[in-house]
Amino acid sequence: MFLDLLHEPFVHHALLAGAVVAVVAGVIGPFVITRNMAFAVHGISELAFTGASGALVVGIDPVEGALAGSIVVAVLIGALGLRDRERDSVIGTILAFGLGLGVLFLSLYRRYATAAFNLLFGTITGVSTAQVELLAGGAALALLLLAAMYRPLVFASVDPEVAEARGVPVRLLSMVFLVVLGFAVAEAVQVVGVLLVLTLVVTPAAAAQRLSARPGMVVVLSVVIALASSVGGILISLTRAIPVSVFVSSISFGCYLVARLVGSRLRLRSTRRAAAPPGTAPSPATGATVAVGTSR
Amino acid sequence: MVPTSSPVDAHDRRSFPVGPVAAGQASPKGGPAAELWDATLRLGRREVWSGLTVDIASGEFLAVLGPNGSGKTSLLRVLLGLNRLASGTVTVCGRPPRRGSNTVGYVPQQRAFDRDLPLRGRDLVRLGLDGHRWGVGRPSRQARRRVDDVLEAVGATDYADAPVGLLSGGEQQRLRIGQALLGDPSILLCDEPLLSLDLHHQHEVSNLIDARRREAGTAVVFVTHEINPVLPLVDRVLYLVDGRWAVGRPEQVMTTDTLSELYGTTVDVLRVRDRIVVVGAPDASNEGLCGAGHHHGSDHGGC
């Protein structure tokens, strides 16, 4: 029965969409963590919900609605709260209002009770060819933008002050990154739903960071883990009457646990190598005694 | 805020030529590494400093001192081409400052990196080479060799492959200096690079900067709260207070007379062995006038 299902077009669509979404989420994840934007991801996904439920009411494709909602809010976050400290409160404010709107739209939309459930917890099995094309197009654009700004984005994310001094347009990058993030989140919502977006956008990258300290390798590992979670979760869900997000989040969380276990050992090894470079042992002396020492 | 600027340039720069340091080996191109002439900087409606005239010779070590909000960091931002003067001129190596120029290296203060940050020491240094360029970048043997050379020059080879989040403050600052040196700059701008380092590492990091200027004739502009760790290296001091300024050799500027005039109140400067102690300077670190982008802790008393 499982093998028969694999020949169904709707399964192909689902797997394709799941893979596309996972690649984008896996690539953008490490940046989300480095830039400390997990909450922004959550906020954007709630507004993707608002967009999608609004689209249902008006009668357009909810995938387009989700994309529109998340990009609008990404631009809003970028425009209103560029400073770190303000950002979370701005996001919290927009998120709450957006979610309220979403609830309103869903209560106006009375045809399917399952529509709300699908948006919140994910539905991949109903993806049409047109929607797969839309997802793939969005993903290609997002990946292209990320590739184009990869090096300056790494620089601006890990070291904004020096990046600015080196002429990197830090504010512009942060704006463009938010828009790309809007794309990525709206796509991930299609697979795992609004409430579980972080399981594809943050968990794989968090796991990857435990396994390597090389920036490029972390992106690769993050994509692999996101792919395994997304595609694996979809395959398992084919034979069960449980939403796909349950399996996706279980697999990615399992990867994270394994990575923590393995990673702490890798990390210990690299610390030990770095621990005792000759002549750099920190001086145990107190300030006063060293002050005389420096004056020689 | 005192908008009137009164340069306390009691000592004409010309009558006090730059110390003997490295002048011999310094690149004999002539011309200062950087020059400000009658420069006025405004941030918003606030005049940070005005009429500032100072030049920095190749191989010179200029310490920039002053309370928070006096525009020390802003001065660096002007030299980096990030802030524009309201009036006056500024040149770096004879040309107006340009964002992202290789003639300028920048060393910031140490800050904690996340322990999980996926970035090794060599990656941090490498950002100084091509981190500002678009695209993903390709692996290049030549680039790798340059990074290796710099890592060795700053003595960071041993921990080049360790995650930066696990390194000590002193190790991070060595990497920062390496990062700044990759562009082979003619002038090194340092913004409190010793802050939050213990004295041992302060000594090592400042010696590393000193070595570079001696070997390559690189001029150093060194913003600091605390002159004593670098006092033996300093050729001249630029002291900024509330729009007023004074420039000259440490023994000229760090005096009771000059600082009292700058602060507009009685400030005593004492010499205790080889240290300079400033007593009675209004503790500006509590003023919170951080228009210049300063966010230092207030754990430093006088200079």
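Numbers at a glance
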| item | result |
| --- | --- |
| Residue ranges of helices (runs of 4 or more DSSP H) in the range A:142-196 with at least 2 members within 12 Å of chain B (Cβ to nearest Cβ), in contact (Cβ under 8 Å) with a residue 40 or more places away in the chain and under 30 Å from A:PHE49 (Cβ atoms) | A:150-158 |
| Sole residue being in contact (Cβ under 8 Å) with a residue 12 or more places away in the chain, farther than 19 Å from B:GLY66 by Cα and touching a helix residue (DSSP H, G or I) at 6+ places or on another chain (Cβ under 8 Å), chosen from B:ILE187, B:ILE276, B:ILE227 | B:ILE187 |
| Subset of the range B:109-146 that is surrounded by 24 or more Cβ atoms within 10 Å (Cβ to Cβ) and closer than 17 Å to B:ARG212 by Cβ - its residue that is farthest from the other protein chains (Cβ to nearest Cβ) | B:VAL125 |
| Only one of A:THR199, A:THR123 that is assigned to a helix (DSSP H, G or I), more than 10 Å from chain B (Cβ to nearest Cβ), hydroxyl-bearing (Ser, Thr, Tyr) and under 27 Å from A:HIS12 (Cβ atoms) | A:THR199 |
| Residues of the range B:65-81 that turn out to be part of a helix (DSSP H, G or I) and either of a type in the set (Phe, Trp, Tyr) or without any contact (Cβ under 8 Å) to a residue 24 or more places away in the chain (or both), as a count | 0 |
| Pick from the range B:152-183, criterion more than 21 Å from the chain's Cα centre (by Cα) and in a helix (DSSP H, G or I), ranking: farthest from the other protein chains (Cβ to nearest Cβ) | B:GLU152 |
| Evaluation of A:SER229 against (1) modelled with pLDDT of 95 or more; (2) more than 30 Å from A:SER53 (Cα to Cα); (3) not β-branched (Val, Ile, Thr) (one fails), failing number | (2) |
| Matching option when the condition is of a type outside the set (Val, Ile, Thr), in contact with a helix residue (DSSP H, G or I) (Cβ under 9 Å, 6 or more places away or on another chain) and either at pLDDT 95 or above or more than 17 Å from B:VAL223 (Cα to Cα) (or both), among B:GLY69, B:GLY121 | B:GLY121 |
| Pairs, first closer than 17 Å to A:LEU221 by Cα and part of a helix (DSSP H, G or I) in the range A:240-262, second at pLDDT below 95 and charged (D, E, K, R), C-beta under 6 Å, six or more apart | A:ALA259/A:ARG210; A:ARG260/A:ARG210 |
| Test: A:ILE60 is among the hydrophobic types (A, V, I, L, M, F, W, C) and at pLDDT below 90 | yes |
| Flag for A:ARG210 being touching a Gly at 6+ places or on another chain (Cβ under 9 Å), within 27 Å of B:LEU119 (Cα to Cα) and within 13 Å of another protein chain (Cβ to nearest Cβ) | yes |
| Residue in the range B:249-259 that is nearest to the other protein chains (Cβ to nearest Cβ), counting only those that are surrounded by 24 or more Cβ atoms within 10 Å (Cβ to Cβ) and under 20 Å from B:ASP55 (Cα atoms) | B:MET254 |
| Some residue of the range B:108-121 being part of a helix (DSSP H, G or I) and either without any contact (Cβ under 8 Å) to a residue 12 or more places away in the chain or of a type outside the set (Phe, Trp, Tyr) (or both) | yes |
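The values are calculated or read from the model by the stated rules, or taken from the named source; none is laboratory data. Worth saying up front: this structure is predicted, and the values here are computed from it rather than measured. Glycine also receives a Cβ, built like all others from the backbone with ideal geometry; neighbour counts cover every protein chain displayed.
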